[in-house]
Amino acid sequence: MLMGDSSGWPALFALVWAVEISFVRSNIFMDEARSRLLVKEKRIRFGSEVLMNGQEKKANRNLMAIKKREIMEAMETHKFPPSMHFFKAKHLIEDSRVFHVIKKMPKGAALHLHEFGMASMEWLVKNVTYRPHCYFCITPEGILQFRFAQSAPQNLKARECSNWVLLEDHRKKLKDTVEFDKSLLRAFTMVTKNPEKIYPNEDALRTKFQNIFLSISGLVRHAPVFKDYIFQGLKEFHADNVFFLEIRTMLWPVYELNGEIHDQLWVVRAYQEVADKFKRTHPEFMGFRLIFSDYRTKSLALIAHSVRTAIKLREVFPDIIAGFDLVGREDTGYSLYYYKEALMIPVTHGVQLPYFFHAGETDWYGTSIDRNLIDAVILNATRIGHGFALTKHPVVKAYTQNKDIPLEVCPISNQVMKLVSDMRNHPAAALMAYGHPMVISSDDPAVFGAKGLSYDFYEAFMGIGGKRADLRTLKKLVTNSIKYSSVSKTQKDLFMKVWKLKWNQFIDYLARRPR
Ligand SMILES: *[C@@H]1O[C@H](CO)[C@@H](O)[C@H](O)[C@H]1NC(C)=O
Ligand SMILES: *[C@@H]1O[C@H](CO)[C@@H](O)[C@H](O)[C@H]1NC(C)=O
Ligand SMILES: [Zn+2]
């Protein structure tokens, strides 16, 4: 119709003009609306409220330049470590400049660790299995067992074993001890070149996981080794710039060469002794606390007993025992709800026992295990281990956010245990976008072939946090680890002061660093 009209030209012109203007207008509208929304989202984001001083801003510019370059590169090469299985990504991570910055960063505290997954298994092979009086045997299922003894031990009662052989004699007979040591290392970690094939399902993973602890148990529970093992664990975390640990422990009995067995009190004292010794040579180390834990496969009566034990231990060692947790695979264990009578003992007796429950470490939405998250908050958990399923529980999510109950996010553990394959899809990514309280930890780094906290921080910063997570995200994660630790207010203040000095040094280094 326009074209057919003789007076069409001016009309067309007017129309085009109008369209142009409205285009400009809508463009302005679009841009404004867009930046309003982005600002709103940015304000909510994890770490957005962290203020940076001039030096931190400089450091941040350098850090983000490196980070953006690595992400751009990955988008071209399609090799992005956080999207790959950790066993395959590890050497790429070690080449990353971001990783090297993270290693140098003072990381505060590691709040989710298990006692026998802390110190590297290489050390166990190279140091502990070379000690005298070390015997080994192999069960019919092919699981290695170890025992330090004056003479060949009697067969284990529960788990029939081959003849006990003195490791020293065995190594003398071998042509290739290097290969033998490698085979030990393979038995002590989950690391493999082909994780998808070796661990086709969660059962295969959990079986291997259990076998590792069955194997190393006889090594690490030998009294002198036990103390050295803890010491070695502290050394490795300290070398990774971590200054405080909270360790889940079952307080297993520890044995001497002559067969004498030590009880839980002895074990806690041994922990204390090792911490004191370590602090003498590392004065800025803040020590550790223990979270007494038991298996979620045990009967209600046994867990009730353990809860009472935890209460007693806390009375005897108020500075060391932080509280109680239930550990072991959630998917096949009992739910928190199942143990409600045991877990209500403290509150019905008017005593305090802080809980640090593993909860929601599952992909099985809607199952009784998935509901552990609900029971964890009802039972007033101080922190939640993993909380992987939290994004599927909006009310619990809002509750934990309002009550400032943090999640202990352990990215590599979640990936190795098959909860998530690509870190960019880790539910903590959404939780970061919502500014949910969290800390980063490493669960059992030695079992996964990691060390300290840096690998998990790398995954959190590069994979979970996305392209725009910057120094503020890191600073918030680190300060959270101090804020949410179980120590007293006075100790936290001291801890924060010590950390701040180290942080400023790190910032100076990063601000000076050429991009
Ligand atoms: C093993 O470690 C202990 C203490 O950590 C050390 O004293 C000892 O020399 C080491 N032994 C070997 C064989 O490396
Ligand atoms: C949890 O805390 C609330 C409020 O402080 C209290 O009423 C309740 O008894 C506590 N429950 C447990 C199991 O500690
Ligand atoms: Zn754990």
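The values are calculated or read from the model by the stated rules, or taken from the named source; none is laboratory data. Predicted model, so just to flag it, every value in this text is computed and none were measured. Because the Cβ atoms are built from the backbone with ideal geometry, glycine has one as well, and the counts that use them run over all protein chains shown. SASA here: full protein model, heavy atoms, side chains in, ligands and nucleic acids out. Shrake-Rupley method; radii C 1.70, N 1.55, O 1.52, S 1.80 Å.
Worth pointing out:
- Neighbours by Cβ (under 6 Å, 6+ apart or cross-chain): first from segment 317-329, without any contact (Cβ under 8 Å) to a residue 60 or more places away in the chain; second part of a loop (DSSP other than H, G, I, E, B): 324/353; 326/296; 328/296; 328/297
- Looking across segment 387-416, the residues that are within 21 Å of residue 453 (Cα to Cα) and open to solvent by less than 10 Å² (accessible area, probe 1.4 Å) come down to 387, 406, 407, 408, 409, 410, 411, 412, 413, 414, 415, 416.
- Some residue of segment 157-172 being within 26 Å of residue 461 (Cα to Cα), exposed (fewer than 14 other Cβ atoms within 10 Å of the Cβ) and not assigned by TED's automatic domain parsing to the domain that holds residue 437: no
- Among the residues of segment 362-390, the ones that are within 23 Å of residue 487 (Cα to Cα) and among the hydroxyl-bearing types (Ser, Thr, Tyr) come to 1 in all.
- Taking the criterion of being in contact with an Asp or Glu (Cβ under 8 Å, 6 or more places away or on another chain) and away from ligand 1 (no atom under 12 Å from the Cβ), the residues of segment 223-254 that qualify are 223, 243, 247, 248, 249, 250, 253.
- Cross-chain or 6+ apart pairs with Cβ under 8 Å, segment 386-397 first and not assigned by TED's automatic domain parsing to the domain that holds residue 113, then among the hydroxyl-bearing types (Ser, Thr, Tyr) and not in a loop (DSSP other than H, G, I, E, B): none
- Any hit, segment 287-296, residues being assigned to a loop (DSSP other than H, G, I, E, B) and either within 30 Å of residue 206 (Cα to Cα) or in contact with a Cys (Cβ under 6 Å, 6 or more places away or on another chain) (or both): yes
- Check on residue 128, open to solvent by less than 10 Å² (accessible area, probe 1.4 Å), away from ligand 1 (no atom under 11 Å from the Cβ) and more than 17 Å from residue 411 (Cα to Cα): no
- Counted residues, segment 468-486 - those being out of contact with any strand residue (DSSP E or B) (no Cβ under 7 Å at 6 or more places or on another chain), open to solvent by 20 Å² or more (accessible area, probe 1.4 Å) and at pLDDT 95 or above: 5
- In segment 425-439, the residues that are open to solvent by less than 10 Å² (accessible area, probe 1.4 Å) and touching a His at 6+ places or on another chain (Cβ under 9 Å): 428, 439
- Scope segment 232-250; condition of a type in the set (A, V, I, L, M, F, W, C), within 16 Å of ligand 3 (Cβ to nearest atom) and under 16 Å from residue 273 (Cα atoms); matching residues: 245, 247
- Residue identified as of a type in the set (Val, Ile, Thr) and over 28 Å from residue 331 (Cα atoms) among 191, 254: 254
- Contacts under 8 angstrom Cβ, first residue in segment 339-357 being under 26 Å from residue 388 (Cβ atoms) and not assigned by TED's automatic domain parsing to the domain that holds residue 289, partner open to solvent by 10 Å² or more (accessible area, probe 1.4 Å) and within 11 Å of ligand 2 (Cβ to nearest atom), 6 or more apart: none
- From 374, 378, 412, residue being out of contact with any helix residue (DSSP H, G or I) (no Cβ under 7 Å at 6 or more places or on another chain) and either within 14 Å of ligand 3 (Cβ to nearest atom) or among the hydrophobic types (A, V, I, L, M, F, W, C) (or both): 378
- Any hit, segment 417-424, residues being open to solvent by less than 60 Å² (accessible area, probe 1.4 Å), of a type in the set (Gly, Ala, Ser) and at pLDDT 95 or above: no
- Count of residues meeting criterion [farther than 29 Å from residue 418 by Cβ, part of a helix (DSSP H, G or I) and touching a helix residue (DSSP H, G or I) at 6+ places or on another chain (Cβ under 8 Å)] in segment 307-338: 6
- Here is the figure for segment 100-114: residues that are in a helix (DSSP H, G or I) and touching a Lys or Arg at 6+ places or on another chain (Cβ under 7 Å) total 0.
- Residue match in segment 431-448 (condition: touching a Gly at 6+ places or on another chain (Cβ under 8 Å), in contact (Cβ under 8 Å) with a residue 12 or more places away in the chain and within 16 Å of ligand 1 (Cβ to nearest atom)): yes
- Answer residue from segment 356-386, given it is within 15 Å of ligand 2 (Cβ to nearest atom) and open to solvent by 10 Å² or more (accessible area, probe 1.4 Å) and is farthest from residue 307 (Cα to Cα) among those: 374
Condition check ((1) in the same structural domain as residue 147 (by TED's automatic domain parsing); (2) surrounded by fewer than 17 Cβ atoms within 10 Å (Cβ to Cβ); (3) not in a loop (DSSP other than H, G, I, E, B)) across all residues:
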| position | (1), (2), (3) |
| --- | --- |
| 186 | yes, yes, yes |
| 190 | yes, no, no |
| 193 | yes, yes, no |
| 197 | yes, yes, yes |
| 213 | no, yes, yes |
| 216 | no, no, yes |
| 228 | no, no, yes |
| 232 | no, no, yes |
| 236 | no, no, yes |
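- Residues in segment 42-65 that are assigned to a loop (DSSP other than H, G, I, E, B), within 16 Å of residue 468 (Cβ to Cβ) and either open to solvent by 90 Å² or more (accessible area, probe 1.4 Å) or in the same structural domain as residue 102 (by TED's automatic domain parsing) (or both): 49 only.
- Residue check: residue 222 meets all listed conditions (1) touching a strand residue (DSSP E or B) at 6+ places or on another chain (Cβ under 6 Å); (2) within 16 Å of ligand 3 (Cβ to nearest atom); (3) not aliphatic (A, V, I, L, M) but one, namely (2).
- Residue list for segment 299-334, filter: surrounded by 14 or more Cβ atoms within 10 Å (Cβ to Cβ) and modelled with pLDDT under 95: 327, 328, 329, 330, 331, 333, 334
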